[in-house]
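The values are calculated or read from the model by the stated rules, or taken from the named source; none is laboratory data. Nothing here was measured: the structure is a model prediction, and the numbers come from that model. Here Cβ is always computed from backbone atoms with ideal geometry, including for glycine, and neighbour counts include all displayed protein chains. The protein model used for the area step is the full one, side chains on, heavy atoms only, and it has no ligands, DNA or RNA in it. Shrake-Rupley method; radii C 1.70, N 1.55, O 1.52, S 1.80 Å.
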Amino acid sequence: MASGAGKWSAEQIDDYEALISTTDVELLKRAWRNEKASPEILPFEEALLKRAKEQIQLMEETVDDFAESGHDPLIASLYQMDLDRAQFLLRSYLRVRLQKIEKFMFHIWKMDTYRNRLSIEEEKFTERCIRDIGKHLEETVLSKLPDNYQSVLKQSIISEEDDMVPEPQLDTFVVAKCERATKPLYLDGSRQSASFDRMTTFKWCLEIYAFCVTGPFKRN
């Protein structure tokens, strides 16, 4: 009985160490941070989330096995803490994206660039939101207004643009960290960079935290 329990514990520990040795949890944390910091919705990390869900399922099975076997409660609680952390990151990542979709649904839907960043489920959710919101506004407000003001997207029919559609503010400041040496960053249209040579720029960028505006910058 004891030898069987010891063999089982070793196998479980090997599985767990193999799980922790991967970087998917850290990648999920990075994706979550980027999504929270970015004013616009970012591309959906489909492959990463698929792996994260598989790892969470394995961690859940490991915690359940430890609980049923009467293993050391301290070790089981440590495993549970890692499981809770991974579940929080996954749920928070998805929740942040849903909040952006609810806020900018019309803008996302009319821009192919943003629509292509959604998962299949998010795309269906966006379509349903637009349909439900449009129906609700039509029944409660728009149908009671003059014909010139019954658009969900425009203030009136003479408006040339969809001036009733909220858009993400790309000129807001965010905190950015350079993970690796990069090429110089330029302001759109100006083609001007700081007065650093290539090597100095690399040293200046690496591991630096900085406040920057998300919209005007692009990678050379």
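Look at region 45-68 and say how many of its residues are in contact with an Asp or Glu (Cβ under 7 Å, 6 or more places away or on another chain) and under 10 Å from residue 24 (Cβ atoms).
Final tally of qualifying residues: 4.
Tell me which of these residue 194 doesn't satisfy, since it passes every other one: (1) under 26 Å from residue 40 (Cβ atoms); (2) at pLDDT 65 or above; (3) open to solvent by less than 80 Å² (accessible area, probe 1.4 Å).
So residue 194 meets the others, but not (2).
Condition check: touching a residue at least 24 places away in the same chain (Cβ under 8 Å) and closer than 30 Å to residue 154 by Cα. Does residue 56 satisfy that?
In short, no.
Here is a yes/no grid of residues against (1) acidic (Asp, Glu); (2) without any contact (Cβ under 8 Å) to a residue 12 or more places away in the chain; (3) more than 30 Å from residue 36 (Cβ to Cβ); (4) surrounded by fewer than 16 Cβ atoms within 10 Å (Cβ to Cβ):
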site	(1), (2), (3), (4)
117	no, no, no, no
135	no, yes, yes, yes
145	no, yes, yes, yes
153	no, no, no, yes
158	no, yes, yes, yes
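Is it true that some residue in region 53-64 is of a type in the set (A, V, I, L, M, F, W, C), open to solvent by 60 Å² or more (accessible area, probe 1.4 Å), in a helix (DSSP H, G or I) and more than 30 Å from residue 169 (Cα to Cα)?
Looking through region 53-64, at least one residue is of a type in the set (A, V, I, L, M, F, W, C), open to solvent by 60 Å² or more (accessible area, probe 1.4 Å), in a helix (DSSP H, G or I) and more than 30 Å from residue 169 (Cα to Cα).
Can you tell me which of 97, 128 is open to solvent by 70 Å² or more (accessible area, probe 1.4 Å), of a type in the set (Lys, Arg), out of contact with any Cys (no Cβ under 6 Å at 6 or more places or on another chain) and in a helix (DSSP H, G or I)?
That would be 128, the only listed residue that is open to solvent by 70 Å² or more (accessible area, probe 1.4 Å), of a type in the set (Lys, Arg), out of contact with any Cys (no Cβ under 6 Å at 6 or more places or on another chain) and in a helix (DSSP H, G or I).
Is it the case that some residue within region 98-116 is farther than 23 Å from residue 170 by Cβ, in the same structural domain as residue 166 (by the TED database) and of a type in the set (D, E, K, R)?
Within region 98-116, none of the residues are farther than 23 Å from residue 170 by Cβ, in the same structural domain as residue 166 (by the TED database) and of a type in the set (D, E, K, R).
If you go through region 78-89, how many residues are more than 24 Å from the chain's Cα centre (by Cα) and open to solvent by less than 50 Å² (accessible area, probe 1.4 Å)?
Total satisfying the criteria: 1.
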